[in-house]
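First the structure, in the form of structure tokens, and then the observations on it.
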Amino acid sequence: TTLTAFAAVDLGATSGRVMLGLVRDAATVDLVETGRFPNGPVTAPDGESLHWDVLRLWEGVVDGLREAGRVAATHGVELSGVGVDSWAVDYGLVGDDEHLVRPARCYRDPRFLDVADGVYERVPASEHYAVNGLQHLPFTTEFQLVDEVTGGAGEAFAAARTLLLIPDLITFWLSGRRVAEVTNASTTGLLDARARTWSSALLGRLAAEYPGLGRLPALLPELVEAGTVVGELGPWVRARTGLGPVPVVAVASHDTAAAVVGTPLPARQGDEVAAYVSSGTWSLVGLELDAPVLTEASRAAGFTNELGLDGTVRYLHNVMGLWVLDECRREWARTGDPVDLGELLAAAAAEPGGRTVVDLDDPAFLAPGDMPRRVAHAAARAGQPVPATRAQTARAVLDSLAAAYARTIHQAAALAGVRVTQVHVVGGGSRNALLCRLTADATGLPVVAGPVEAAALGNVLVQARAVGVLVDDDVDDDGGPRGLGGLRDVVAASSDLVRIDPARIDPAR
Ligand code: LFR
């Protein structure tokens, strides 16, 4: 066997991980966790605004890389690449040296909730959508930036030399190079979804309305497509990790883009496609397309055209996700009555289904806080039975999630003019058997659950291809880089997938 090793840094809203990916005979990947560290929004001394402790994450990354190198050595190999993915939208402002000019803000900061309305009065939502193709989310980078220059942070903004999204920031600290990887840049609102470049039209419109943003084009780094080798580990990182000049690869650095690469989607057959649900803190629900859908109907339905690997488009909608259930559990733990997840799910499974279904798209669920109470309020407002127990609350959240998945998948198919034949659930939620069963039943479609580690796998595969380990080995082998289908063959060969059939087939199919 030939073995090659890659370190995938995958930063999530609740934890960051470093995974060693061991690629065997260019056919399978084994993942070994070599670092895990907690993450979460930290409240500033003003008692309200939320930030990320990026330097703490950086420490975790460095420790995890050192350990990845050590474990790789026990297999007789050195690292052939390092790549970073994380949640989208958020950024650091970096000065002339490597330092942040102010702490990185967290997209759940309640201050962002009201910014977009003012922006849309000046530059209408439809004008945005025609260019950037993004669903409305109150915290899109563009709105955070407007808040920077209108809300009293203008000085830090003026002192910055570069704006780097979170994975690009870590990539900069690793390699010394300032770039913007395109899958994540597509979540800023500043990209042209068709051209895959910064939109000078939108940037010009914004600068005309908000003079403080006149500098923004100068702060945006060069864009690179996923799979670009941006450099190698800098001397300071080598000294701290004992690693050599390992290539640093810009992977599909938006965690959702990495997860979609790591989803074993079958190739499209005519108008038949598979849908995906990347189910973690958020549930990202949609389709992989080869061109954006920029119609008014698509905008009104809340669909985004984020960019994916190899020219693809991630046509999806953000469903609030397991965050709501996780926040419920955090609240119960805070108030002295923690509950084990397995027990909670077993109790929820025993509850009658479909009793309470609330709209998880409501921004009321966005900020951290007393989530059981917010679920109860939402139920009462919608005239639905108010959950009285923790099991009922959990069941209401999961029924609401499954209903949102079904609605979103059917809408996406209608708007994109395709037929969906199965649903792939990846990420942490793919382990939640109740959620997967409810999803099969709500959609009337078979669910394929797994892999859990889709984002880390997608991260490793893009690196392996970038450094020439995964080349085309089809019959008429051209020795070129493997396509997405070839990468997904490796995902399927590396994962235990579970198929769940719906109780009844959707009559609409
Ligand atoms: C998932 C995710 C979503 C993005 C949200 C905020 O982790 O990246 O795709 O909308 O976090 O960045």
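The table below gives the values:
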{"quantity": "Inter-label distance, nm, simple model (7 Å from Cα along the C-beta direction), R161/A333", "calculated": "4.1"}
{"quantity": "Integer Hz, Karplus 6.51/-1.76/1.60 couplings in order for the range 52-67, x for Gly and Pro", "calculated": "10, 8, 5, 5, 5, 4, 4, 4, x, 5, 4, 4, x, 5, 4, 5"}
{"quantity": "Under Karplus coefficients 6.51, -1.76 and 1.60, residue-wise ³J(HN,Hα) of the range 166-174 in Hz, glycine/proline x", "calculated": "3, x, 5, 5, 5, 4, 5, 5, 6"}
{"quantity": "Sum of side-chain charges, A226 neighbourhood, beta-carbon under 9 Å (Lys, Arg +1; Asp, Glu -1)", "calculated": "-3"}
{"quantity": "Estimated vicinal HN-Hα couplings, Hz - the range 176-186 in sequence order (Karplus 6.51, -1.76, 1.60; Gly, Pro = x)", "calculated": "x, 9, 9, 9, 10, 7, 6, 4, 7, 4, 5"}
{"quantity": "Theoretical FRET efficiency, 1/(1+(r/R0)^6), r = Cβ-Cβ of A388 and E272, R0 41 Å, to 0.05", "calculated": "0.40"}
{"quantity": "For the chain, share of DSSP beta bridges that run antiparallel, in % to the nearest 5", "calculated": "70"}
{"quantity": "Sequence ranges 256-264, 369-377, ranked by mean other-Cβ count within 10 angstrom, highest first", "calculated": "256-264, 369-377"}
{"quantity": "Order by protection proxy (mean Cβ within 10 Å, highest first), peptides 81-92, 166-177", "calculated": "81-92, 166-177"}
{"quantity": "Potential lengthening between R373 and E59 on full extension [0.36 nm per residue; Cα-Cα distance subtracted]", "calculated": "109.4 nm"}
{"quantity": "Burial ranking of peptide ranges 482-492, 181-191, 339-349 (average Cβ count within 10 Å, highest at the top)", "calculated": "181-191, 482-492, 339-349"}
{"quantity": "Whole-angstrom gap from the range 54-78 to the range 116-158, using each part's C-alpha centre", "calculated": "37"}
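FYI, it's all coordinate maths here, none of it is from the lab. For clarity, every value in this text was computed on a predicted model and none was experimentally measured. Here the Cβ is made from the backbone with ideal geometry for all residues, glycine too, and neighbour counts use every protein chain on show.
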